[in-house]
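First comes the structure, then the notes that go with it.
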């Protein structure tokens, strides 16, 4: 086994402190069903800011914990109860932050809702995560990283890609015959666009407030006439271009008052609103619109290890390619500020030495 130091420095959350703390802590010892991994890359997410600044926390949150809920690492040690496994020492694995507890009496895991289980470990979400050189995580959280997928891509795939995949395939059940309207080409939205293209949707309309992101959508193969010009009202654009009553599903990866209102106007009767973004924490469902159009409002959160395995396969095949910049672990505070200031166009992974 690789020589492992006794301590390490990690980015930590201290209750009551909205700033990340660079702190020396012990290297974790894996529990009976855990593996110890040497981290290779950790993805940065906008929700890291929420986790740092919001003090209204779930019951499992500890007073001090290591941040980081998107990870990729190399297995260096197995827990004492792990005997029969498909994984081996040295495997490069993507790390799912919330694999659930898998308990026979768990009200979430027994209903295939492991990502909202409150009993299992939550890596980087109130409990120790991946902004550290080493991490311990349950073996059920692992997905083998195929050849051709970089650690940075694998790290962001655990959330930024898997969340989009789970929302579109398993919650929205989007099909090839559908016309889809997509709000937002950020860290999740651009991955969502690739997933929709992979499905082969009849037509995909796209709205974003940044021209450079629309240009990248065009480079991906979306016709220019299906891109809402920056500064133009999406509802008016739909009407003016003869697309009224054609949109089967709206995928909102923004979640502002404006996009949520527009989505309800744009979608056809009997259509679906797939809600993933939450830049505004409260939005208004227009009851008359929703009732008369018989709309389905579908919310989605995270994904699961089987979703991650599919996503990694798509990346390895070249069917999906996450956009990810690489920085170092020490740069986390700067990266998070850049993300909040809109200076990051997609996703950043912190690479480890």
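Among the candidates 295, 329, 312, 320, the residue that is over 27 Å from residue 255 (Cα atoms) and surrounded by 19 or more Cβ atoms within 10 Å (Cβ to Cβ) is uniquely 329.
For (1) more than 24 Å from the chain's Cα centre (by Cα); (2) closer than 26 Å to residue 115 by Cα, each residue gets a yes or a no:
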site: 258; (1), (2): no, no
site: 266; (1), (2): yes, no
site: 269; (1), (2): yes, no
site: 274; (1), (2): no, yes
site: 279; (1), (2): no, yes
site: 292; (1), (2): yes, no
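Only one of the listed residues (307, 252) is in contact with a helix residue (DSSP H, G or I) (Cβ under 8 Å, 6 or more places away or on another chain), crowded, with 18+ Cβ neighbours inside 10 Å and either farther than 30 Å from residue 95 by Cβ or not assigned by TED's automatic domain parsing to the domain that holds residue 69 (or both). That residue is 252.
Assigned to a loop (DSSP other than H, G, I, E, B), buried (at least 19 other Cβ atoms within 10 Å of the Cβ) and within 16 Å of the chain's Cα centre (by Cα) - does that describe any residue in region 128-141? There is at least one residue in region 128-141 that is assigned to a loop (DSSP other than H, G, I, E, B), buried (at least 19 other Cβ atoms within 10 Å of the Cβ) and within 16 Å of the chain's Cα centre (by Cα). For region 187-210, the tally of residues that are surrounded by fewer than 24 Cβ atoms within 10 Å (Cβ to Cβ), in contact (Cβ under 8 Å) with a residue 60 or more places away in the chain, in contact with a helix residue (DSSP H, G or I) (Cβ under 9 Å, 6 or more places away or on another chain) and outside any helix (DSSP H, G or I) stands at 0.
Of the residues screened, residue 269 is not one that is surrounded by fewer than 17 Cβ atoms within 10 Å (Cβ to Cβ), assigned to a loop (DSSP other than H, G, I, E, B), outside the structural domain of residue 37 (by TED's automatic domain parsing) and in contact (Cβ under 8 Å) with a residue 24 or more places away in the chain.
Scanning region 331-352 for residues that are free of Cβ contacts under 8 Å to residues at least 40 places away in the same chain and over 17 Å from residue 185 (Cβ atoms) gives 331, 334, 337, 338, 341. Checked against (1) modelled with pLDDT under 95; (2) assigned by TED's automatic domain parsing to the domain that holds residue 331, residue 11 meets all criteria but (1).
The values are calculated or read from the model by the stated rules, or taken from the named source; none is laboratory data. Here the structure is a predicted model, which means the values were calculated and not measured. Positions of Cβ are backbone-derived with ideal geometry, glycine not excepted, and every protein chain shown enters the neighbour counts.
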